[in-house]
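Here is the structure we will look at.
What follows draws every value from the coordinates through simple rules; no lab data is involved. No experiment lies behind these values; they were computed from the predicted model shown. With ideal geometry, Cβ positions are generated from the backbone for all residues, glycine too; neighbour counts draw on all protein chains shown.
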Amino acid sequence: MSGSVKSGALRTLSQKVWDGHIVHEEPGAPSLLFIDLHLVHEVTSPQAFSGLRARGLKVRRPDLTVATADHSIPTTDRSLPILDKVAAAQVAKLEENCKEFGIPCYGLHSSHQGIVHVIGPELGFTQPGMTVVCGDSHTATHGAFGALAFGIGTSEVENVLASQCLLQRPSKTFRVNVNGVLRNGVTAKDIILALIAKIGIGGGTGTVMEYAGSAIRALDMEGRMTVCNMAIEGGARAGMIAPDDTTFQYLNGRPFAPKGEAWDAAVARWKQLPTDEGAAFDRDIDIDANTLEPMITWGTNPGMGIPITGVIPDASSGADAMARESLAKALAYMGLEGGKPVLGHPIDVVFIGSCTNSRISDLRAAAAVLKGRKVNPKVRTMVVPGSQEVKRQAIAEGLPEIFRAAGCDWREPGCSMCIAMNGDQLSPGEYSVSTSNRNFEGRQGKGGRTFLASPQTAAASAIAGAVADVRTLL
Ligand code: SF4
């Protein structure tokens, strides 16, 4: 089913994938879509499996379903028991449910365990032209491969497990053109933070974003995943990038990617997926990569971002009363003043990890900044690989030694401080520079205050003990 492309009028990438997956449609009603890959984790699945059991149903396509434990697992020594009773029960339940329903599970002690959006691509499950769903908001990550991927709720998880289909309404199309060349110290994370700062957290509502342009084409797959990962933070249903040789090279040889003749046939099919020349988008926006700076958020949503050398907006700059109130509330929560820079603001914690920035290229970039330097002793710096595979690769390249020599804490794979539900969290009032994707109030721990940034900016800030411009270290 994946990548099956109807011929006809000029279509965008997302329209082609959509058309190839319609099982049933009727005027005025949501369409029934076939789902090629359903990723499952321990937090949003227990209720769905209970629902199946209560209805006497089986998992319709266990062969298209993959599970891992990531959200609630501690990132401490894996030989130790999980002390948190709720987390321990969730992880045990996932393995039990997967066994009962015949689903492959990369659980706590699996050599392929990792964050769901890291292991899908690295094992080759995620492929161009697929529809991918998961009970996690950042499923858009998989759109980096030209897949139509989105997060779903618990009741939808149950429905997909039971039927391998999902009811959906089509989204509008939104092309984000990023042209030019990124300057030294500016990364994929800065592209997406700059976009969200420009359009706001509701700017992409009701759309599927397609990232295009020379700066996107120049990104490796891991950078593309970072950009797609945060589409939801701009309000979009999904983010996508057309597959190309970079995509094919990344996938070729991955354990679950097609092999031999099936590979050749798949690549031929995938090459039909890019948006047709002249196809119309509902909306277009241009970002000039040449002028981007490293970005940092100062507020309590990912749209509250500024260039690292910029100043925090004053509450009075809001366009209307609601915007002014929202700015004032964010400034109060963050303990910051409008009109001042974030650069140089003291921090307590640095978190390098999450499904946005925990892949090997992210760790290499952070290590390149930290090599031969020491983090400020007042800053707790955690480096959390996205998966066991990332961890193995990092060990093979000697990265943990660099992190440890710099004074960082090298952890086991998991979601960690992206979401304060696994023991890794900020204390009330603490400031972090975090490579994750959400800076909502309490996201990293009750009362914790988050500055979102790239791994390079995070590493430079760890060294400085304050929000820092990595370009001064390059
Ligand atoms: S790292 Fe964060 S956003 Fe990503 S899957 Fe885990 S909790 Fe969700």
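Taking a 18 Å limit on the Cα-Cα distance, which of the listed pairs K189/K391; K189/K271; K329/K446 fall beyond it?
K189/K391; K189/K271
What lysines sit close enough to K172 to cross-link, taking a C-alpha to C-alpha distance under 21 Å and skipping anything fewer than 8 places away on the same chain?
Hits, sequence-local ones excluded: K6, K16, K198.
If the reach is capped at under 13 angstrom between alpha carbons, list the aspartates and glutamates near K93, excluding any in the same chain fewer than eight residues apart.
Cross-link targets: E42.
Within 10 Å of each residue's Cβ, count the other Cβ atoms and sort Y106, Y211, Y431 from fewest upward.
The fewest-first ordering by Cβ neighbours comes to Y106, Y431, Y211.
Quick one: L32, L363, L39, fewest Cβ neighbours within 10 Å first, how do they rank?
Listing L32, L363, L39 from fewest to most nearby Cβ atoms yields L32, L39, L363.
What is the distance in Å between the Cα centres of segment 328-345 and segment 428-458?
Here the answer is 14 Å between Cα centres.
As a quick test, which of the pairs K340/K374; K259/K371; K85/K371 have an alpha carbon distance above 32 angstrom in this structure?
Where the Cα-Cα span goes over 32 Å, the pairs concerned are K259/K371; K85/K371.
Looking at the chain, what % of its DSSP beta bridges pair antiparallel, to the nearest 5?
25 percent
Roughly how far apart, in whole Å, are the Cα centres of segment 375-407 and segment 66-118?
Here the two parts' Cα centres lie 22 Å apart.
Please compute the net charge surrounding K93, taking Lys and Arg as +1 and Asp and Glu as -1 over other residues with Cβ under 11 Å from its Cβ.
-3
Could you please rank F281, F451, placing first whichever residue has the fewest other Cβ atoms within 10 Å of its Cβ?
F281, F451
Pop a pseudo-label 7 angstrom from the Cα along the beta-carbon direction at both K271 and S137 and give the gap in nm to one decimal.
4.0 nm
Compute the semi-axes of the equivalent ellipsoid of the chain, taking the square root of 5 times each eigenvalue of the Cα gyration tensor, and list them largest first in whole Å.
For the chain, the ellipsoid semi-axes come out as 33, 27, 22 Å.
How far apart, in nm, are the 7 Å Cα→Cβ label points at A92 and I22?
For the pair A92/I22, the computed spacing is 4.8 nm.
Mind listing the phi-derived Karplus ³J(HN,Hα) values for segment 49-62, rounded to whole Hz, using 6.51, -1.76 and 1.60 with θ = phi - 60°, and x for any glycine or proline?
Those phi angles translate into 5, 4, x, 4, 4, 4, 8, x, 9, 9, 6, 4, 9, x Hz.
Sort the following peptides by mean Cβ neighbour count (other Cβ atoms within 10 Å, averaged over residues), highest first: 118-125, 9-16.
Listed from highest to lowest mean packing, they are 118-125, 9-16.
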